[in-house]
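All remarks here apply to the structure that follows.
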Amino acid sequence: MSTVSSLMYKGKTFLGIIPARYGSKRLPRKNMLLLAEKPLIAYSIEAGLMSRYIDNVIVSSDADEILEIARKYGADTYKRAEILATDSASSVDVVLDIVENFKDYDYIVLLQPTSPLRTGKHVDEAIEQLMQKSADAIVSVCELEHSVLWSNTLDDSRSMKDFLDASVVGKRSQDLVPYYRLNGAIYICEWQSFLEEKRFFLKDNIFAYIMSKSDSIDIDEKLDFLLVETIMKENKC
């Protein structure tokens with residue numbers, strides 16, 4: 001049940017995996033919602049297929065409707081078990097299920113379907129960085145919208161005494177050291193390392209691929225969807 005194309009990059013093969021379950025509490029059926037006249041999941045499929053290095057793109061879903069869309073846009077499909085379609089099932093669980101049946105690849109490339117502004121160019125740059133650094137894993141990140149140095153917890157009194165460190169008070173945002181966050185768009189991991197650690201965020205030999213904040217929007221709720229829709233309209237204009 002494994003087919004590897006002849007793309008290969010520096011002698012290595014890459015399997016793209018897009019996990020897309022039917023259910024979504026905050027934005028129902030979001031993977032199938034039309035975004036600029038295409039289902040949301042189509043953008044991640046196209047990013048994987050447009051990559052110069054990914055050998056095969058597989059969509060894993062519990063929903064026949066999603067799998068039908070995936071086939072329409074050129075991806076291979078894998079019907080996941082119902083137990084892997086619950087809120088408690090993680091992306092790692094889904095990927096582990098797939099790798100049991102597709103064993104002829106060197107690297108896994110996880111592309112979440114909720115990152116429609118991530119393109120094939122981003123994927124290729126991340127893979128190139130992986131090879132340049134001889135890394136076992138690459139994870140995409142973007143700069144935080146607001147510095148974590150301007151953040152703290154509050155107790156019930158809501159007192160802001162010592163809320164900020166003295167070294168931060170009075171500084172402009174551009175004077176602060178930038179912080180980065182995971183953006184969920186791209187996870188690349190060496191096959192055997194993933195099987196051993198059962199996670200994409202490996203303990204060692206893992207590096208960040210930096211994306212812009214505008215390309216890093218992850219659609220989790222209606223506001224995210226509307227924001228991406230606006231960005232796409234602006235880019236088209």
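Considering only segment 37-61, state which residues are buried (at least 20 other Cβ atoms within 10 Å of the Cβ) and either touching a Pro at 6+ places or on another chain (Cβ under 7 Å) or closer than 20 Å to I219 by Cα (or both).
P39, L40, I41, A42, Y43, S44, I45, A47, G48, V59, S60, S61
For segment 15-27, state whether one or more residues are more than 21 Å from E125 (Cβ to Cβ), surrounded by fewer than 13 Cβ atoms within 10 Å (Cβ to Cβ) and either at pLDDT below 90 or of a type in the set (F, W, Y) (or both). Walk me through how you get there before you give the answer.
Step one: of segment 15-27, the residues more than 21 Å from E125 (Cβ to Cβ) are 19-27.
Those still in the list that are surrounded by fewer than 13 Cβ atoms within 10 Å (Cβ to Cβ) too: 25-26.
Filter once more, keeping what is either at pLDDT below 90 or of a type in the set (F, W, Y) (or both): 25-26.
Within segment 15-27 (the criterion being more than 21 Å from E125 (Cβ to Cβ), surrounded by fewer than 13 Cβ atoms within 10 Å (Cβ to Cβ) and either at pLDDT below 90 or of a type in the set (F, W, Y) (or both)), the answer is yes, since at least one residue qualifies.
Any idea which residue in segment 175-228 is nearest to I54 (Cα to Cα), counting only those that are crowded, with 16+ Cβ neighbours inside 10 Å and among the acidic types (D, E)?
Here the residue is E190.
Would you check if D97 is touching a Leu at 6+ places or on another chain (Cβ under 8 Å), on the phi < 0 side of the Ramachandran plot and surrounded by fewer than 13 Cβ atoms within 10 Å (Cβ to Cβ)? Can you show your working first?
Working: touching a Leu at 6+ places or on another chain (Cβ under 8 Å): yes; on the phi < 0 side of the Ramachandran plot: yes; surrounded by fewer than 13 Cβ atoms within 10 Å (Cβ to Cβ): no.
It is false that D97 is touching a Leu at 6+ places or on another chain (Cβ under 8 Å), on the phi < 0 side of the Ramachandran plot and surrounded by fewer than 13 Cβ atoms within 10 Å (Cβ to Cβ).
Could you tell me how many of the residues in segment 219-237 are acidic (D, E) and in a helix (DSSP H, G or I)?
Of segment 219-237, the ones acidic (D, E) are 220-221, 224, 229, 234.
If we keep only those that are in a helix (DSSP H, G or I) as well, we get 224, 229, 234.
Qualifying residue count for the region: 3.
Do we find a residue being in a helix (DSSP H, G or I), in contact (Cβ under 8 Å) with a residue 12 or more places away in the chain, surrounded by 15 or more Cβ atoms within 10 Å (Cβ to Cβ) and among the hydroxyl-bearing types (S, T, Y) anywhere in segment 145-168?
Within segment 145-168, not a single residue is in a helix (DSSP H, G or I), in contact (Cβ under 8 Å) with a residue 12 or more places away in the chain, surrounded by 15 or more Cβ atoms within 10 Å (Cβ to Cβ) and among the hydroxyl-bearing types (S, T, Y).
Looking at (1) modelled with pLDDT under 90; (2) surrounded by fewer than 18 Cβ atoms within 10 Å (Cβ to Cβ); (3) assigned to a loop (DSSP other than H, G, I, E, B); (4) of a type outside the set (D, E, K, R), which is the one condition that is false for G74?
Of (1) modelled with pLDDT under 90; (2) surrounded by fewer than 18 Cβ atoms within 10 Å (Cβ to Cβ); (3) assigned to a loop (DSSP other than H, G, I, E, B); (4) of a type outside the set (D, E, K, R), only one is false for G74: (1).
The values are calculated or read from the model by the stated rules, or taken from the named source; none is laboratory data. Given the structure is predicted, the values throughout are model-derived calculations rather than measurements. Here Cβ is always computed from backbone atoms with ideal geometry, including for glycine, and neighbour counts include all displayed protein chains.
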